[in-house]
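The values are calculated or read from the model by the stated rules, or taken from the named source; none is laboratory data. Note that the structure is predicted; figures quoted are calculated from it, not measured. Don't worry about glycine lacking a Cβ; one is built from the backbone with ideal geometry, like all the others, and counts go over all protein chains shown. With ligands, DNA and RNA removed, areas are computed over all heavy atoms of the protein, side chains included. Shrake-Rupley method; radii C 1.70, N 1.55, O 1.52, S 1.80 Å.
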Amino acid sequence: MPEPRGIDNVFVEVGDLDEAVGWYERVVGLTLKVRTPDMAVLDVGGDVAGIVLSSADQVSPTKVWFEVADARDAATELGVQTFPIPTGLTAEVVDPWGNRIGFTDYTARPDLARS
C-alpha cells in the first residue's frame, strides 16, 4: 500500500461517507482521525492537516496527490501505470465518485522530497 509522506488539507465531496472512509483506508492507506455525521477527517502521515471528506448530493470530482517514496511501487500495488511529471513520476487511481488520487515521487527532484 502506498505510504503518503504529507499533504495539506484537501476537501473531497463523496456520495456515501461511510463507503468513502472505507475506500480511502483500504486503497490509499489513510486512517480516520475525526468523524462527525457530515464529515470525516483522514490522517495523512501524522501531519496536522489531512483529507476532509464530506457528503454531497452533487459530487464535484477532485484531484489529490500524495508524495510517496516511489511511484512505481505504488503503481504496481494498485495495478496502474505511472506517467512522468517535472518532479518525477505519478500513478493515479479513481475513487468510486470520480476523484483522482495520485501517488507522486520526487525522483527527478530529490532536493524537494520529504524524507
task: State which residue is farthest from Val27 (Cα to Cα) when the search covers only the range 68-86 and only residues that are open to solvent by less than 60 Å² (accessible area, probe 1.4 Å), modelled with pLDDT of 90 or more and not in a loop (DSSP other than H, G, I, E, B).
output: Thr82
query: Of the numbered conditions (1) open to solvent by less than 40 Å² (accessible area, probe 1.4 Å); (2) within 21 Å of Gly22 (Cβ to Cβ), Val94 satisfies every one except a single condition; which is it?
result: (1)
query: Checking Leu89 against (1) open to solvent by 10 Å² or more (accessible area, probe 1.4 Å); (2) in a helix (DSSP H, G or I), which test does it fail?
result: (2)
- prompt: Residues Leu42, Leu30: which one is touching a Pro at 6+ places or on another chain (Cβ under 8 Å), at pLDDT 90 or above and among the hydrophobic types (A, V, I, L, M, F, W, C)?
  reply: Leu30
statement: Of the residues in the range 30-40, those that are surrounded by fewer than 19 Cβ atoms within 10 Å (Cβ to Cβ) and in contact with a strand residue (DSSP E or B) (Cβ under 9 Å, 6 or more places away or on another chain) come to Thr31, Leu32, Lys33, Val34, Arg35, Pro37, Asp38, Met39
